[in-house]
Amino acid sequence: MPEDDNVHKISAAALKSRGLASITGHGRTWAALITDAGTHYLEHGNYPPSDEPPVAVAAARRSLRKTSPKLDLGEGALDTLAEAKALIKQLQEQGPLTVADPEESARARYRRVLHACRVHHLVPHGQELRFTGRSSGDIVIMLSTGSPADASNWDRIRTTARTVTTNLEALRSALETTTVLNSVSETLRPRAIEVVLGLAEELRAHELRLGVNVKLKTPKLFIQVDTRRRSLELTELLEEVPHVPTDAEQRELRRSPWKQIPKFDRVPSGRLHLKIERDGSHKVDLGRQSYTYERNSDSWSDEKKKLLESRVREIARAIKKGVVDDADAAAREKQRRAEAHEAYEREKAAERRTWEEVRERARAKALLVQREVVFARAFESWQGAQELRDFARQLEAEATAKGLLADRPRLREWLECARSRADEFDPVVNLEHLDDGVFDAEPSVKDLRPHMEGWDPSAPHKHYSIGRDSHEAQAKHAPEPRAWHPGMRDRPIWWRR
């Protein structure tokens, strides 16, 4: 830089004092490098969450706020301040605010309101005010805590606002410079641009916006309907003409007569075709092929006496009517689904009540069978213990009569083992085997199943793994409650097996 040109050096020094740049060298040879904080400031418009402005600058700002006189707000400034407070409250309660491509007057008003938010320190402590769209495109405003999640969300919003727009000037630029209209021939492209711009103007009268998304690899046009987007395609119709074999194709046919050449060629027709997808239309890509489901779409084409540019108003009215019709259809479908869901819930509730009744009856039957089995086994155990003691007593009496107990000490041990074994399974000696827990033991799923009348014992639905015949056979052979009597037998006890 010339020695008398200090403009850039002054700017570099100011950036250095704010921690956004670093300076090396002096005199005529010096260099300025951007810092990490400077890179973050360029991308986000503020300092990184972990960095703060230099102490000197922060102190100067604090002293300036202390010494600055109280602002004398006029009537217009008071209105702006009230709007600023309302904006902060709205952001706190409803989240980010989006204003789609506003008029210049509205954009200027938002700039004044945002300035008032900062000047009067209305932003809550620990948060920062972020916005985009000061001069063009959609306005997006949000309060951020500076967390990584908020930063990532803001980056997505900021980049999308720059590449997805309904601004007419940006739309014209995209139509002229991107590949949106690549399917239209060069001679027809000026007409196509005028059709799109004219339709965008007409749609604004119906509170709809036509925009372009240049963020995609293949830029696309769309119509903004509330929070949804409907794809719009403007293409040139192709017509078939007889194919005239080229010299190369004729030579190839002479060498290989079995080869085939196309009979027709598809060439541009000079006619525009406009298609707008409505609710229900979508495309499914399957590798090299793709299937388009056009269950609900509108299309218009150039006619001999009516070109698309002369039918823009008609098309805009049809688009608006399609939006209203789709909204009505969506409302009817929502109501139908709600009614179907209510009917389903009523059916499931009735099914559950029936299942609970069946399960309660099955539980009573299973409990009776379970108690019967436990008590019958206890009776058999008591009877077995009595028989074992009688047998040991008779054996001891016979051995005593023959005088064998003194000569055979193992025989006495056998008798003691038999009596102790009888005490082990005798329910009279072990009354805890018939305590309340055994009497009120909850039947298992296996115990309930024979009494469930075809229902699943674990969930309110039929037991689908077995058929009707199996249900009938199961119910037929299910153990029924019966009167208990002392001679009941279940499985043979261990010494009778």
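The values are calculated or read from the model by the stated rules, or taken from the named source; none is laboratory data. Keep in mind that what you see is a predicted model, and the values were worked out from it rather than measured. Cβ atoms come from the backbone with ideal geometry, glycine included; neighbour counts cover every protein chain shown.
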### Query
Checking ARG410 against (1) among the basic types (Lys, Arg); (2) more than 30 Å from ARG353 (Cα to Cα); (3) in contact (Cβ under 8 Å) with a residue 12 or more places away in the chain, which single condition isn't satisfied?
(3)
### Query
Does GLU387 satisfy the criteria of being under 60 Å from the mean Cα position of the chain (by Cα), more than 30 Å from GLU356 (Cα to Cα) and loosely packed, with under 15 Cβ neighbours inside 10 Å?
no
### Message
Need pairs with beta-carbon distance below 8 Å; first residue in contact (Cβ under 8 Å) with a residue 40 or more places away in the chain and part of a loop (DSSP other than H, G, I, E, B) and within the stretch 126-141, second surrounded by fewer than 19 Cβ atoms within 10 Å (Cβ to Cβ) and of a type in the set (A, V, I, L, M); sequence gap 6+ or separate chains.
### Response
ASP138/VAL99; ASP138/ALA100; ASP138/ALA161
### Query
If you go through the stretch 393-438, how many residues are part of a helix (DSSP H, G or I), closer than 21 Å to PHE375 by Cα and β-branched (Val, Ile, Thr)?
1
#### Entry: Candidate set from the stretch 321-368 (those that are touching a residue at least 60 places away in the same chain (Cβ under 8 Å) and among the small types (Gly, Ala, Ser)); member that is nearest to LEU203 (Cα to Cα)
ALA362
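Considering each residue of the stretch 318-334, count those that are surrounded by 15 or more Cβ atoms within 10 Å (Cβ to Cβ) and under 19 Å from VAL196 (Cα atoms), and give that number. If you could, list the steps in order and put the result at the bottom.
From the stretch 318-334, those surrounded by 15 or more Cβ atoms within 10 Å (Cβ to Cβ) are 319-320, 322-323, 326; that's our starting set.
Retained after the next criterion (residues that are under 19 Å from VAL196 (Cα atoms)): 319-320, 322-323.
Qualifying residue count, the stretch 318-334: 4.
Select, from ARG251, ARG266, ARG255, ARG278, the only residue that is surrounded by fewer than 14 Cβ atoms within 10 Å (Cβ to Cβ), of a type outside the set (S, T, N, Q), modelled with pLDDT under 90 and in the same structural domain as LEU181 (by TED's automatic domain parsing). Give the steps one after another, and end with the answer.
On the way: ARG251 fails: modelled with pLDDT under 90; ARG255 fails: modelled with pLDDT under 90; ARG278 fails: surrounded by fewer than 14 Cβ atoms within 10 Å (Cβ to Cβ).
Result of the check over ARG251, ARG266, ARG255, ARG278: ARG266.
Rundown of residues vs (1) touching a helix residue (DSSP H, G or I) at 6+ places or on another chain (Cβ under 7 Å); (2) not β-branched (Val, Ile, Thr), yes/no style:
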residue: THR166; (1), (2): no, no
residue: THR177; (1), (2): no, no
residue: LEU181; (1), (2): yes, yes
residue: VAL225; (1), (2): yes, no
residue: TRP258; (1), (2): no, yes
### Task
Determine, yes or no, whether VAL123 is assigned to a loop (DSSP other than H, G, I, E, B), assigned by TED's automatic domain parsing to the domain that holds LEU87 and of a type in the set (A, V, I, L, M, F, W, C).
yes
### Summary
How many residues of the stretch 86-118 are touching a residue at least 40 places away in the same chain (Cβ under 8 Å) and surrounded by 12 or more Cβ atoms within 10 Å (Cβ to Cβ)? The answer is 9
### Query
What tally of residues in the stretch 167-217 results from selecting those that are small (Gly, Ala, Ser) and within 24 Å of GLY270 (Cβ to Cβ)?
6
### Summary
When (1) acidic (Asp, Glu); (2) within 30 Å of LYS85 (Cβ to Cβ); (3) surrounded by 14 or more Cβ atoms within 10 Å (Cβ to Cβ) are applied to GLU207, the one that fails is (3)
### Index of the failed condition, GLN90 passing every other in (1) assigned to a loop (DSSP other than H, G, I, E, B); (2) outside the structural domain of LEU237 (by TED's automatic domain parsing); (3) of a type in the set (S, T, N, Q)
(1)
### Message
Checking GLU351 against (1) closer than 29 Å to GLU424 by Cα; (2) part of a helix (DSSP H, G or I), only one condition comes out false. Which one?
### Response
(1)
### Query
Out of ASP328, ASP390, which single residue is assigned to a helix (DSSP H, G or I), at negative phi and outside the structural domain of VAL438 (by TED's automatic domain parsing)?
ASP328
### Query
Taking the stretch 401-420 as the search range and keeping residues that are surrounded by 14 or more Cβ atoms within 10 Å (Cβ to Cβ) and of a type outside the set (A, V, I, L, M, F, W, C), which one is modelled with the highest pLDDT?
ARG419
#### Entry: Checklist (1) at pLDDT 85 or above; (2) of a type outside the set (A, V, I, L, M); (3) under 23 Å from TRP154 (Cα atoms) applied to SER22, failing item
(3)
